[in-house]
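Notes follow once the structure below has been shown.
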Amino acid sequence: MKKYAKPQAYAAPTKDHRHAGTFEVLVPVPGRVKPHRIAGQFPTMQAAEGWMHSDEGQDAIAEVFENQKEPAKAKGGR
């Protein structure tokens, strides 16, 4: 078993009450408290998961990981 596995994107109900009843795609990124929200709202969980597995979805998810910044390292004292 791997000690560290790359976090996987997932679909979840939208928390924004303006879009109640829809689903969104979230990507957990190491070093960040909240996951990145990508794409728009989807009417069903199946639609969100289908988008995640499409070529467009895979490219968008890969881009989130490519654009993540390295955590700032503490500078050493004197």
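The values are calculated or read from the model by the stated rules, or taken from the named source; none is laboratory data. All figures in this text were calculated on a predicted structure; none of them were measured in a lab. Cβ placement follows ideal geometry from the backbone for every residue including glycine, while neighbour counts extend to all protein chains displayed. Surface areas here come from the heavy atoms of the whole protein model, side chains and all, with no ligands, DNA or RNA. Shrake-Rupley method; radii C 1.70, N 1.55, O 1.52, S 1.80 Å.
Would you tally the residues in segment 7-29 being over 9 Å from the mean Cα position of the chain (by Cα), at negative phi and in a loop (DSSP other than H, G, I, E, B)?
5
Between a residue in segment 26-53 that is acidic (Asp, Glu) and any residue that is open to solvent by less than 70 Å² (accessible area, probe 1.4 Å), which pairs come within a Cβ distance under 7 Å, given they are 6 or more apart or on different chains?
That search, which allows pairs on different chains as well, returns GLU49/ALA11.
Taking interchain pairs and intrachain pairs at least six residues apart, which have beta carbon atoms under 7 angstrom, with the first residue in segment 1-20 and of a type in the set (Asp, Glu) and the second modelled with pLDDT of 80 or more?
Final answer for the pair search is none.
Within segment 65-76, is there a residue that is at pLDDT below 90, open to solvent by less than 100 Å² (accessible area, probe 1.4 Å), in a loop (DSSP other than H, G, I, E, B) and of a type in the set (D, E, K, R)?
no
For segment 4-13, state whether one or more residues are touching an Asp or Glu at 6+ places or on another chain (Cβ under 9 Å), surrounded by 11 or more Cβ atoms within 10 Å (Cβ to Cβ), at pLDDT 90 or above and of a type in the set (A, V, I, L, M, F, W, C).
yes
When only residues in segment 40-51 that are under 15 Å from LYS15 (Cβ atoms) and small (Gly, Ala, Ser) count, which is surrounded by the fewest Cβ atoms within 10 Å (Cβ to Cβ)?
Here the residue is GLY40.
So which residues in segment 23-39 are aliphatic (A, V, I, L, M) and open to solvent by less than 40 Å² (accessible area, probe 1.4 Å)?
Hits for segment 23-39 are VAL25, LEU26, VAL27, VAL29, ILE38.
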